[in-house]
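Working notes, beginning with the structure itself.
The values are calculated or read from the model by the stated rules, or taken from the named source; none is laboratory data. Quantities reported herein were computed from a predicted structural model and do not represent experimental measurements. Because the Cβ atoms are built from the backbone with ideal geometry, glycine has one as well, and the counts that use them run over all protein chains shown.
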């Protein structure tokens, strides 16, 4: 009886010591070490890849943002503010969208097949809107010039980037709405076009938030 109690107590004490040691190592020392290395070597990424403007944090380079007009009376879906570059459609298309303003409540795509009737309808409507919104009196967007990322969301619905092709078809609208020359806005897009990762991975991209911050600065100076 005494031996059984003694063995049980010894095993419990050994288990408790193991728990305490592992708690200290994996719950305190390891997180502190990882956090310290991250803050020392990659402080920007460790803190969420924050982007600042006028001394204030305005977003992250990893998460897209909406550039919309305030909701009007009776409106449920905001209209895009066309003086800014617009990003990809948010979290799917059509009435199934939940994450309509890049909120981080959830992320995901529609998971519909390419021949789904609703998806085809949404893409056609999005394409017509891109053509209408970005055509100006001296520039008409050709349907064949509308890239895929202008009418489809990314897998997460939170993509902060667009293709250079989508940025360029917005140039004339941006120039007209902000009283800038087309050439200057084109140069702005070129300045904010990021090449392929390591020169060969992925495709060139444009970060919409960074581009719009530069646009705001340009308009202010004009």
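Assuming residue 149 fulfils every condition listed in (1) modelled with pLDDT of 85 or more; (2) under 17 Å from the mean Cα position of the chain (by Cα); (3) not in a helix (DSSP H, G or I) apart from one, which condition is it?
All conditions are met except number (3).
Condition check ((1) farther than 21 Å from residue 83 by Cβ; (2) assigned to a helix (DSSP H, G or I); (3) under 20 Å from the mean Cα position of the chain (by Cα); (4) not assigned by TED's automatic domain parsing to the domain that holds residue 59) across all residues:
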residue: 112; (1), (2), (3), (4): yes, no, no, no
residue: 115; (1), (2), (3), (4): yes, no, no, no
residue: 119; (1), (2), (3), (4): yes, yes, no, no
residue: 153; (1), (2), (3), (4): yes, no, yes, no
residue: 159; (1), (2), (3), (4): yes, no, yes, no
residue: 175; (1), (2), (3), (4): no, yes, no, no
residue: 185; (1), (2), (3), (4): no, yes, no, no
residue: 189; (1), (2), (3), (4): no, yes, yes, no
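Quick one: which of 170, 194 is closer than 22 Å to residue 63 by Cβ and loosely packed, with under 15 Cβ neighbours inside 10 Å?
One residue alone meets the criteria, 194.
Take residue 219 and decide whether it is in a helix (DSSP H, G or I) and either modelled with pLDDT under 90 or farther than 21 Å from residue 49 by Cβ (or both).
Yes.
Within region 191-214, count every residue that is part of a strand (DSSP E or B) and touching a residue at least 40 places away in the same chain (Cβ under 8 Å).
The number of residues fulfilling the criteria is 3.
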